[in-house]
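> Pasting a structure below so you can have a look.
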Amino acid sequence: MADDATTGRGFDLDRRLRERERANLRRQLDPAATVEARARFAEDPKGSAPTFETERLVFASNNYLGLATDDRVRRAAERGVSVGTGAGASRLITGDTGLHRGLERDLAACKRADRALVFSSGYAANVGTIAALSPDVIFSDELNHASIIDGCRLADAATVVYDHCDPDDLRDRMAARERAGSDDEAWLVVTDTVFSMDGDVAPLAELCAVADAFGAWVMVDEAHATGVFGDGGGIVQREGLTDRVEIQLGTLSKALASQGGYVAGDETLVEYLLNAARSFVFSTGLAPPAAAAAREALRIAREGERTARLWAHVETLRDGLEAMGYEVWGQTQILPVVVGDRRVALELGERLRERDVVATPIRPPTVPDGTSRIRVTPTATHTDAEIRACLDAFEAAGREVGLL
């Protein structure tokens, strides 16, 4: 590397970092000793080993059911190690194992689909699936996840962004495209089901009705819904829409406490993707321990006991925060506590950390101007006392920053 990155054709990364610092957008790593409802944290050690000291309550995890440290899931991962710590190759070469096939059978049954296909991540599943389908036009919700946005870019399709969770706007935009476009275009409607920053749910039945009227396919990302809704399947299963959604996609890394992503649908879809989705074809298969852990986590999630505890905590937190005077959005396990001003949100987040509660401030450009928030996500393994401690921290911190 050149000594002076600002000369020639190099990249001035120091300047880029300074710009992020000035805009309050620079991120850092805060390593955790364990992935639990309560964990010890270390200051960002950069390239050095972390030193774990402060123990904090974690209300910023996507480990919704608290299964990442569940003994049954751990034992399943240990059994998966007997197959190999890694798959060793693409699944089309030698990286396909019985663990992968068992997980895919269970996912397909849970999603009420003919078949499922497991990718190395949810991100890889999204970009690979959208690009492989190569639609002429993609209709995408304006708040879709970055992996969907990148999939649209890779597909090199005409992308039409419709207003968030607005089937009427989708209908208007489809009608305008129909008037201006070709009759033989392939159209794809893509939406998250549970939106990770707003905690709201897409109106799937209405979106499917619009797509049906124009002959379009529907693809949904159940990343934040898998394991939590619809007997573990997601919003599609809760709403009884399996027969109206052509492509069901999700992740294994949130409620299912593992790693990887999946696509579920009919036999032809899966056969096509395992041949044409580049992020599947040219990636090493999911590590066998991860596949085994996800399969066990899915089994536990479908029992429903963990889910019931999660929803009880969600209700207690929402009621308590709103009683204090906070504005809480959404209808799911994701509780966005809306502050408005980015600086106030950052200060509130810091005051919470001082009280040993980790709840992440989210600010522009991740969310629109004027809607900065603290994103609160309880897990099923939080105790009642820990939920109370979170509420107490929000009350004290909110008074300190002048919100209450």
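The numbers here are math on the coordinates, done by the rules we state, and not lab data. No experiment lies behind these values; they were computed from the predicted model shown. Note: ideal-geometry Cβ built from the backbone for every residue, glycine included; neighbour counts use all protein chains shown.
> Can you check what the net charge comes to around residue 346, using other residues whose Cβ is under 15 Å from the Cβ of residue 346 (Lys, Arg +1; Asp, Glu -1)?
Net charge in that neighbourhood comes out at +3.
> GNM on the chain, C-alpha springs below 10 Å: top fluctuator among 380, 312, 297?
Maximum fluctuation in the GNM of the chain, among the listed residues, is at 312.
> When the chain is fully extended, how far beyond the present Cα-Cα distance does residue 109 get from residue 369, taking 0.36 nm per residue of separation?
Numbers: separation 260, 0.36 × 260 = 93.60 nm, distance 4.18 nm.
Taking residue 109 through residue 369 to full extension adds about 89.4 nm, to one decimal.
> Round to the nearest 0.05 the FRET efficiency obtained for residue 324 and residue 186 when R0 = 45 Å and r is the Cβ-Cβ distance.
The value I calculate is 0.35.
> Let me ask something else about it. Counting Lys +1, Arg +1, Asp -1, Glu -1, what net charge surrounds residue 26 among other residues with beta carbon under 14 Å of its beta carbon?
+4
> At q = 0.06, 0.10, 0.12, 0.13 Å⁻¹, what is the log10 ratio I(q)/I(0) for the chain, with the Debye formula run over Cα points and no solvent?
Treating every Cα as an identical point scatterer, log10 I(q)/I(0) equals -0.26, -0.74, -1.05, -1.21.
> I need the calculated FRET efficiency for the pair residue 81 and residue 146, taking r as the beta carbon distance and R₀ as 51 Å, to the nearest 0.05.
Taking R0 as 51 Å, the efficiency between residue 81 and residue 146 is 0.95.
> Checking a compactness column here: for region 71-302, what do you get for Rg(Cα) / (2.2 N^0.38 Å), N being the number of residues?
Relative to the 2.2 N^0.38 Å estimate, region 71-302 comes out at 0.99.
> Over 22 Å, how big is the tail of the calculated P(r) for region 292-404, in percent of all Cα pairs?
For region 292-404, the share of Cα pairs beyond 22 Å comes to 35 percent.
> Tell me, how many Å apart are the Cα centres for region 312-382 and for region 203-253?
With region 312-382 and region 203-253 each reduced to a Cα centre, they are spaced 27 Å.
> Ok, one more. Only Cα pairs within less than 10 Å get springs; with that Gaussian network setup on the chain, which residue of 300, 149, 93 has the largest fluctuation?
In this elastic network of the chain, the residue with the biggest mean-square fluctuation among 300, 149, 93 is 93.
> Over all Cα pairs of region 203-335, how is the pair count split among 10 Å bins, expressed in % and running from 0 up to the last occupied bin?
11, 33, 34, 18, 5, 0
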